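Take a look at the structure set out below.
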Amino acid sequence: MSAAGFASPGGEGAPGGRSQRAASPLIGVLALQGGFEAHRRALERLGAGTREVRVPSDLEGLDGLVIPGGESTTITLGIEREGLAAPLVDLIAGGTPVLGSCAGLIMLDRDHLGVMDVRAERNAFGRQVRSFEADLEVAGIDGGPLRGIFIRAPWIAEHGPGVEVLAELDGHPVAARQDNMLAVAFHPELGEDDRVHRRLLALVGERLAILAGDADSHLQR
């Protein structure tokens, strides 16, 4: 993969502070621009620790990552300015679960960080005046339709065979998964439904269980 382009809830943890948060995963939220604070609040309500990510050292010790919505050009410039592209790619390529929402979906695609085998179409549903809400059936998320809030939203124009489309709107993919990456074209942080964030935390829990099992196996040798 290449780059194309512990805190208790409510607090920000110091990088690498894993021993202080053994009971809670630490989720980083890219905080260069966009709706990062709303994502933090959503994750903290679910009991996760969070850390705002602005520089490469903020990625140390993370169990998961959110790339929020916002303006993809501004986020791209911030990533370039702070030297975050390669560290982000390394983190994701190493298996750390990541959620990209709206502009975050764009950042994951072939033309930006290049970690997800999709090509996003920016502002695919129209500009700000075409912001809207829609009910979505999202594969892997139980409990009935999920209300998606779309603001200058992209859709997935192309995707490779390793990408699982999780939801469509008007025939266009608006949610997808590839390995440890979950991408949605809407803003799950703006509504009351927390199931997308719960799905991210479930992926984090699955990975931590695997890592713990590997560590136990190593100690028993």
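Readers should treat all values here as calculations from the given coordinates under stated rules, not as data from a laboratory. Source: prediction; values computed, not measured. Every residue, glycine among them, receives a Cβ derived from its backbone with ideal geometry; neighbour counts consider all protein chains shown.
Observations
- Global form of region 107-164, assessed from the alpha-carbon gyration tensor, a/c cut-off 1.5: oblate
- Separation of region 48-107 and region 147-177, taken as the distance between their Cα centroids, equals 20 angstrom.
- Low-density loop cleavage sites - GluC sites (Glu not before Pro) in region 125-196, where at most 14 other Cβ are within 10 Å (DSSP): 137, 192
- Region 18-220: antiparallel DSSP beta bridges as a percent of all, rounded to 5: 55
- Taking label points 7 Å from Cα along the Cα-to-Cβ direction, residue 46 and residue 130 give a separation of 3.0 nm.
- Rotationally averaged projected area of region 18-220 (alpha carbon convex hull; nm²): 11.4
- The DSSP beta bridges internal to region 58-171 are antiparallel in roughly 75% of cases.
- In a fully extended conformation the segment linking residue 212 and residue 77 would gain 44.9 nm over its present Cα-Cα distance, using 0.36 nm per residue.
- Ranked for footprinting exposure by Cβ neighbours inside 10 Å, fewest first, 197, 187, 39 give 197, 187, 39.
- The average projected area of region 78-128, computed from the convex hull of its Cα atoms over all directions, is 4.0 nm².
- Dipole magnitude of region 18-220 about its Cα centre (Cβ charges: Lys, Arg +1; Asp, Glu -1), debye to nearest 20: 420
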